[in-house]
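What follows is a set of notes on a single structure, which appears directly below.
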Amino acid sequence: MNSLMESNYCVAVPEYGQNFWKAMQGQIVLLYKLNSGRHIGTGTFRLPAKSADRITKAIADESVFRQIGTFIRAYRTGNRIFAVDSNDMAMFVPERGEIPIY
């Protein structure tokens with residue numbers, strides 16, 4: 001498998017898509033029929049290209065995090081978002097609880 005194939009998010013081979021969804025439904029599929037979509041580094045299988053739009057829409061519709069997420073446009077910083085590393089500890093605060101300040 002070449003590096004171009006490995007870098008693709010989806011696999012456009014129709015036979016792969018059919019076998020991928022059979023496997024997702026728990027049907028028996030010969031593993032070699034899924035090899036064109038296997039990610040070597042993680043051992044996972046890529047999404048069939050024909051299903052990508054439908055899956056993306058379903059995730060956007062169903063995922064609470066996608067619904068409350070925010071797009072950040074950082075035009076003034078050359079489209080870069082700077083992150084900071086710290087030793088602060090993240091924790092959950094109960095409803096109406098006080099936020100501890102260290």
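Since every read-out is calculated from the coordinates, none of them should be taken as a lab result. Predicted model, so just to flag it, every value in this text is computed and none were measured. Because the Cβ atoms are built from the backbone with ideal geometry, glycine has one as well, and the counts that use them run over all protein chains shown.
So here's what we get for this one:
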quantity: Calculated Rg and Dmax of the chain using C-alpha coordinates, Å; calculated: 20.7, 58
quantity: Cα long-axis angle, helix 52-62 against the chain (0 to 90 degrees, to the nearest 10); calculated: 40
quantity: Relative packing of 79-90, 32-43, 12-23, which averages over residues the other C-beta atoms within 10 Å, highest first; calculated: 12-23, 32-43, 79-90
quantity: Electrostatic dipole magnitude of the chain [Cβ: Lys, Arg +1; Asp, Glu -1; Cα centre; debye, to 20]; calculated: 460
